[in-house]
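What follows is a short report on a single structure.
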Amino acid sequence: DIKAVRDDLLICVDHEGGRVQRFKSDGFTHLPPMRVLGEMWMRDALQATDAATACGHVLASELRACGVDFSFTPVLDLDHGPSGVIGDRAFHRDARVATMLAKSLMHGLLQAGMAACGKHFPGHGFVAADSHVDVPVDKRPLKTILADDAAPYGWLSTSLQSVMPAHVIYPKVDARPAGFSQRWLQEILRAQLGFTGAIFSDDLSMAGARRIDGREVSYAEAAAVALNAGCDMVLLCNQSVDGGAAVDELIGGLQQALDAGRVELSTQSDA
């Protein structure tokens with residue numbers, strides 16, 4: 001029905017497996033959390049990569065059969081331990097293992113005609129705070145982050161079709177969360193790591209997106225900052241209740257910002 005109205009709209013979902021799997025009934029396969037694949041890697045790496053490819057193929061095939069175009073997966077965050085919101089959504093603590101398993105999962109997605117989205121750049125796994133309800137702060141230096149958590153984005157820069165940045169502040173790099181930072185998105189992700197795909201914001205209704213530069217912002221303001229920082233698309237999720245007032249507010253406010261020249265849309269993505 002949606003496609004009959006607008007056939008160019010992307011219908012997207014967070015559908016990773018484990019506890020973040022939006023479709024679980026009506027014949028959908030219950031996919032394991034990605035940590036299971038990491039544990040399998042420690043016993044048999046070849047079996048783990050085959051299983052990751054199979055997971056990606058099943059995930060994408062079932063969603064595509066129901067008209068869903070795209071899932072925000074794979075999670076490239078590393079399993080440092082303290083993060084409850086990431087936890088078993090991560091493949092492994094080792095960036096090399098996470099990269100190999102993610103690449104295999106992405107191969108399965110592509111076999112079924114689905115693109116991939118690596119998240120949450122440059123890494124959400126080190127901090128304990130949950131950006132859904134808090135503003136996490138990762139105080140590590142840039143050199144450490146690039147050598148560890150962000151490494152998969154460099155290794156997969158030519159394979160990933162899209163990336164989603166984290167609503168996490170890395171104060172030794174920028175005072176703004178990564179998804180609102182030109183330093184992270186344009187200077188580091190694009191220029192330094194060579195990523196040329198699309199950048200999606202994370203959900204703008206999350207607590208980590210509601211405070212920028214020390215003040216609370218509206219959805220439209222957050223969207224404008226994200227687009228100016230280098231995002232190509234912004235997400236506002238779980239806000240369709242009450243007649244979709246929040247979505248209307250975002251669209252109306254963003255249109256006003258565009259008309260006033262306060263938003264400069266990114267032209268760097270070739271996706």
Point to revise | Selection count, segment 83-98, where residues are open to solvent by 10 Å² or more (accessible area, probe 1.4 Å) and either within 8 Å of residue 34 (Cβ to Cβ) or of a type in the set (Ser, Thr, Tyr) (or both) | key: 2
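Hey, can you tell me all the residues within segment 1-14 that are basic (Lys, Arg) and in contact (Cβ under 8 Å) with a residue 40 or more places away in the chain? Can you show your working first?
If we filter segment 1-14 for residues that are basic (Lys, Arg), which is where we start, we get 3, 6.
Across segment 1-14, the qualifying residue is only 3.
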Check your understanding: Would segment 59-71 turn up any residue that is in a strand (DSSP E or B), of a type in the set (Gly, Ala, Ser) and either under 14 Å from residue 89 (Cβ atoms) or free of Cβ contacts under 8 Å to residues at least 12 places away in the same chain (or both)?
Key -> yes
Check your understanding: Got at least one residue in segment 116-123 being modelled with pLDDT of 95 or more, open to solvent by less than 40 Å² (accessible area, probe 1.4 Å) and out of contact with any strand residue (DSSP E or B) (no Cβ under 8 Å at 6 or more places or on another chain)?
Key -> yes
Exercise for review: Can you tell me which residue among 105, 189 is closer than 30 Å to residue 217 by Cα, buried (at least 21 other Cβ atoms within 10 Å of the Cβ), touching a residue at least 24 places away in the same chain (Cβ under 8 Å) and aliphatic (A, V, I, L, M)?
Suggested key: 189
Check your understanding: Only one of these conditions is not met by residue 234: (1) open to solvent by 60 Å² or more (accessible area, probe 1.4 Å); (2) in contact with a helix residue (DSSP H, G or I) (Cβ under 9 Å, 6 or more places away or on another chain); (3) at pLDDT 90 or above. Which number is it?
Key -> (1)
Practice item. Mind listing whichever residues of segment 7-65 are over 23 Å from the mean Cα position of the chain (by Cα) and closer than 22 Å to residue 237 by Cα? Key: 7, 25
Review point. Taking interchain pairs and intrachain pairs at least six residues apart, which have beta carbon atoms under 6 angstrom, with the first residue in segment 204-215 and closer than 16 Å to residue 227 by Cβ and the second open to solvent by 10 Å² or more (accessible area, probe 1.4 Å) and part of a loop (DSSP other than H, G, I, E, B)?
Key: 204/236
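Is it the case that segment 198-205 has a residue that's over 15 Å from the mean Cα position of the chain (by Cα) and not aromatic (Phe, Trp, Tyr)? Spell out the reasoning first.
First, pick out the residues of segment 198-205 that are over 15 Å from the mean Cα position of the chain (by Cα): none.
Taking every residue of segment 198-205 in turn, none turns out to be over 15 Å from the mean Cα position of the chain (by Cα) and not aromatic (Phe, Trp, Tyr).
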Exercise for review: Please indicate, with yes or no, whether at least one residue in segment 139-147 is open to solvent by 20 Å² or more (accessible area, probe 1.4 Å), closer than 26 Å to residue 46 by Cα and among the β-branched types (Val, Ile, Thr).
Suggested key: no
Exercise for review: Would you please name the residue that is farthest from residue 175 (Cα to Cα), looking only at residues in segment 207-216 that are out of contact with any Gly (no Cβ under 8 Å at 6 or more places or on another chain) and open to solvent by less than 10 Å² (accessible area, probe 1.4 Å)?
Suggested key: 208
**Study point:** Residues satisfying the stated conditions in segment 15-36, i.e. without any contact (Cβ under 8 Å) to a residue 60 or more places away in the chain, in contact with a strand residue (DSSP E or B) (Cβ under 8 Å, 6 or more places away or on another chain) and within 23 Å of residue 92 (Cα to Cα)
**Key:** 15, 21, 22, 30, 31, 32, 33
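Checking the conditions here, which among 243, 197 is touching an Asp or Glu at 6+ places or on another chain (Cβ under 9 Å) and either open to solvent by 60 Å² or more (accessible area, probe 1.4 Å) or touching a residue at least 40 places away in the same chain (Cβ under 8 Å) (or both)?
Values: 243 fails: touching an Asp or Glu at 6+ places or on another chain (Cβ under 9 Å).
Result: 197 is the single residue among 243, 197 that is touching an Asp or Glu at 6+ places or on another chain (Cβ under 9 Å) and either open to solvent by 60 Å² or more (accessible area, probe 1.4 Å) or touching a residue at least 40 places away in the same chain (Cβ under 8 Å) (or both).
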Revision key, fill the gap. When residue 31 is run through (1) part of a loop (DSSP other than H, G, I, E, B); (2) surrounded by fewer than 17 Cβ atoms within 10 Å (Cβ to Cβ), the failure sits at (2)
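The values are calculated or read from the model by the stated rules, or taken from the named source; none is laboratory data. Remember, it's a predicted structure, so these values are computed and weren't measured experimentally. Counting neighbours? That spans all protein chains shown, and the Cβs are built from the backbone with ideal geometry, glycine included. Note: accessible area is taken over every heavy atom of the protein model, side chains too, but ligands, DNA and RNA are not part of it. Shrake-Rupley method; radii C 1.70, N 1.55, O 1.52, S 1.80 Å.
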